[in-house]
Amino acid sequence: MKFWLASALGVLVLAGCASKQTLVPQVTQGVAADGAKTVTVAPEKVVCGTTAACPVLAASWTGAKAGQAVLTVGLPGQQVQVTGADFHFSGVDTVRLRLPSRGEAPALGYPAMAFDVPLRVVSQIAYTQRSWVRVHLAGGRTVDETINSGDQRGKAVESLSYFLAAVEASGGTGANAQRKGGLFEALGGDSK
């Protein structure tokens, strides 16, 4: 009996080690050649309902631009290029992204576009309930998916919250604008 239990436990441990899926988001911190601190997070999926195409979000930051991030929107399994994205937050705020980042976009192996955004936008994606994204593709097609319904959250939500914590610890500014939240603030009230 003990041998069987030990064998089963060993198999489970090996299976867990062999798994490619991580439980904690892959946030990488470093220092650029110019000495500025850097933070990146690997792409993760939004909620993804019924469509075959599931958008992924990734982000990077450098201390050289402490209040800004590069947000990457990708669409694995597609051949058509991403041309933009609209992020919708709580039915009251929309952020439209069309201009590609001036920096180098990560090579993901599938259609993606990187955008320069204030850290506040990444914070909205990470902390706003009732949010969704519309990804625009060449040829006029779009893909709509939920980011955070309040009941379900995509893995991208968690990965971007870990990213923001690492950015704040490294000296990033302006990321916590949406974190406190609440109905009064969403309607334009002052919480002070």
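Nothing in this text is a laboratory measurement; each read-out follows from the coordinates by a stated rule. These numbers were taken from a predicted model, which means no experiment stands behind them. Cβ: placed from backbone, ideal geometry, glycine included. Neighbour counts: every protein chain shown.
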**OP:** Extending each Cα 7 Å along its Cβ direction at Thr173 and Ala107, get the distance between those two points in nm, one decimal.
**Re:** 3.6 nm
**OP:** Extending each Cα 7 Å along its Cβ direction at Arg134 and Ala52, get the distance between those two points in nm, one decimal.
**Re:** 2.3 nm
**OP:** Can you work out the PRE-style zone for Ala33? Point 7 Å along Cα to Cβ, and I want the residues of segment 104-129 with backbone N under 20 Å.
**Re:** 104-107
Original post:
What is the spin-label model distance, in nm, from Ser90 to Ser149 if the labels are put 7 Å beyond Cα along the C-beta direction?
Top reply: 2.1 nm
